[in-house]
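Step one of this worksheet: look at the structure below.
The values are calculated or read from the model by the stated rules, or taken from the named source; none is laboratory data. Note that this is a predicted model, so its numbers are computed, not measured. All Cβ positions, glycine included, derive from the backbone under ideal geometry; neighbour counts span all protein chains shown. Keep in mind that these areas ignore ligands, DNA and RNA; they rest on the heavy atoms of the full protein, side chains included. Shrake-Rupley method; radii C 1.70, N 1.55, O 1.52, S 1.80 Å.
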Amino acid sequence: MPTISQMRPETVQCQSELGRTGSSFAPLPDKYYGAGCSALNAVKLDGIGGDNGQFVVTNLGPLACPAANTLASWARFGVDRAARQIMGSPLRRLETMGSYSCRNVAGTGRLSAHARAEAVDVSAFVLADGRRISVKDGWSASPKEREFLRTVHQSACKRFGTVLGPDYNAAHHDHLHLEFGGSSYCR
């Protein structure tokens, strides 16, 4: 593992910002997997700092640090606060289907943001009172669950470059695809 003096300035800055969120993470060495796939400036994010402690994050592999910072901000200020306001209970766990995966965008020859560790697929939210709100079941469930999921979806659209949910296509019926980047595509 490189020392701080050996790290790129943007890596040091990003990890410093992530540390200030109260999140627990481990820096990962840059990795090139071949076929254009890589995980650069990545971290292993284990917990996200919230207003009252940490949220657990499940099934997350390498995630580029800027994407991890965006995820941490969204979980704290978008998801947790929506959970409290709409569902009456704070967030405890963010369930994901993973981050890094060397693959193309479905039906194309173009590499997915997952192939650069710049995307996360979020499948469910577990609240402190034990309720689990899955994208698959909650998108068309009770009015409160629908409101919560649509609120966190819209909140993600303000932070991530690309956000895809169940209304986008059948491939996203069970998760929110959150992709770091400069574009602005929300469906």
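Out of the residues in segment 108-142 that are under 13 Å from Glu95 (Cβ atoms) and assigned to a helix (DSSP H, G or I), which is most open to solvent (accessible area, probe 1.4 Å)?
Filtering segment 108-142 for residues under 13 Å from Glu95 (Cβ atoms) gives 120-127, 131-138.
Filter again for assigned to a helix (DSSP H, G or I), leaving 135-138.
On the way: Val135: 0, Lys136: 126, Asp137: 105, Gly138: 1 Å².
Result: Lys136.
Residues to consider are Ala128, Ala67; find the one that is under 11 Å from the mean Cα position of the chain (by Cα) and among the aliphatic types (A, V, I, L, M).
Working: Ala128 fails: under 11 Å from the mean Cα position of the chain (by Cα).
None of the others qualify; the one that does is Ala67.
Scan segment 29-52 for residues that are in a strand (DSSP E or B), out of contact with any strand residue (DSSP E or B) (no Cβ under 7 Å at 6 or more places or on another chain) and open to solvent by 60 Å² or more (accessible area, probe 1.4 Å) and jot them down.
Within segment 29-52, just Tyr33 meets the criteria.
Restricting the search to segment 143-177, which residues are in a loop (DSSP other than H, G, I, E, B) and open to solvent by 50 Å² or more (accessible area, probe 1.4 Å)? So that I can check it myself, show each step before the final result.
Of the residues in segment 143-177, the ones in a loop (DSSP other than H, G, I, E, B) are 158-161, 165-169, 173-175.
Once the filter is applied, which keeps residues that are in a loop (DSSP other than H, G, I, E, B) and open to solvent by 50 Å² or more (accessible area, probe 1.4 Å), segment 143-177 yields Lys158, Arg159, Asp167, Tyr168, Asn169, His173.
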